[in-house]
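Have a look at the structure below, then the notes.
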Amino acid sequence: GGPLTGLSKLCHEADINFFPSVRMNEHYDIDTVSPSYGRFRRERPDLLIGRPGEKLEKGTLEHGIRTGLNFAFSEVRDHMLGIINELVEDFDVDGIELDWFRHPAFFRLEEAYDNRHFATDLIKKAKDKINHVIETTGRDVKLAVRVPPTLYDSARIGLDVEEWMKKGLVDIVIAGGGFIPFSTPIDEFVDAAKNTNIKIFGSLEHLRPAVTEQTVVGIIDRHISKGAHGIYFFNYFHKSNSWKKNIFRSI
């Protein structure tokens with residue numbers, strides 16, 4: 001029961017594949033007593049990127065990411081894997097998206113690059129679970145990941161996306177958040193996926209700069225011309241149904 005079951009049913013009735021999305025981290029500045037803060041964070045402050053009692057200057061990157069979970073800890077990775085496993089085992093989904101872009105910090109800044117094997121290990125275990133579901137149920141379940149707009153920036157924050165592709169651990173890679181669509185090197189992702197079945201998607205974001213039909217079409221044309229296999233829309237719940245119908249028809 002619940003929203004996932006209902007959404008999956010509606011999508012399948014319309015012959016649309018359904019991928020729930022897991023936001024892999026968040027760094028909102030929320031009061032710890034608020035229900036929105038999250039029980040796991042409240043009960044285990046020792047597993048956050050910011051250390052308990054650590055004084056960090058406001059406005060710095062370190063302060064901005066302090067409330068995020070630190071994936072260097074096995075307890076954090078196990079917690080996230082539990083969510084992923086539940087989604088692919090207990091619900092009729094066609095795939096799952098792991099959103100590593102919103103928000104993109106998973107380790108302390110000085111440790112991120114050297115810790116990238118931890119995220120790779122999580123991805124491998126998620127893929128192993130998906131493969132088990134495929135083998136035992138006959139369902140076709142895909143693994144999609146949304147990552148920063150360059151392979152360099154992905155590795156810099158601890159995500160070895162190129163290695164994920166080389167090892168066949170992912171099926172779809174969504175490049176970036178759509179904030180720099182005209183300078184995102186989508187072709188480097190396409191090149192890394194050559195000779196594999198991995199699909200590369202270019203990203204658009206409602207607020208900046210893909211807000212007019214002409215700009216949206218221009219961005220999509222650029223992504224497709226550089227070899228992207230598909231397009232990913234983020235935050236477009238702001239737009240009206242009529243706008244969406246028009247733009248999707250144009251596309």
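The values are calculated or read from the model by the stated rules, or taken from the named source; none is laboratory data. What you see is a predicted model; the values in this text were computed from it and never measured. Cβ coordinates were reconstructed from backbone atoms using ideal geometry, including for glycine residues, and neighbour counts include every protein chain displayed. Please note that ligands, DNA and RNA were not included when accessible areas were found on the heavy atoms of the full protein model with its side chains. Shrake-Rupley method; radii C 1.70, N 1.55, O 1.52, S 1.80 Å.
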Tell me which of these Lys9 doesn't satisfy, since it passes every other one: (1) open to solvent by less than 90 Å² (accessible area, probe 1.4 Å); (2) at pLDDT 95 or above. (1)
Kindly check whether there is at least one residue in segment 106-115 that is in a helix (DSSP H, G or I), in contact (Cβ under 8 Å) with a residue 12 or more places away in the chain and in contact with a Gly (Cβ under 7 Å, 6 or more places away or on another chain). yes
Kindly indicate which of Phe189, Phe182 is without any contact (Cβ under 8 Å) to a residue 60 or more places away in the chain and within 17 Å of Pro104 (Cβ to Cβ). Phe189
Looking only at segment 169-188, count how many residues are farther than 17 Å from His117 by Cβ and over 14 Å from the mean Cα position of the chain (by Cα). 10
When you scan segment 211-251, how many residues do you find that are closer than 25 Å to Asp191 by Cα and either at pLDDT below 90 or not aliphatic (A, V, I, L, M) (or both)? 13
Restricted to segment 30-82, and to residues that are β-branched (Val, Ile, Thr) and surrounded by 12 or more Cβ atoms within 10 Å (Cβ to Cβ), which residue is farthest from the chain's Cα centre (by Cα)? Ile30
For segment 43-61, what are the residues that are of a type outside the set (A, V, I, L, M, F, W, C) and part of a loop (DSSP other than H, G, I, E, B)? Arg44, Gly50, Arg51, Pro52, Gly53, Glu54, Lys55, Glu57, Lys58, Gly59, Thr60
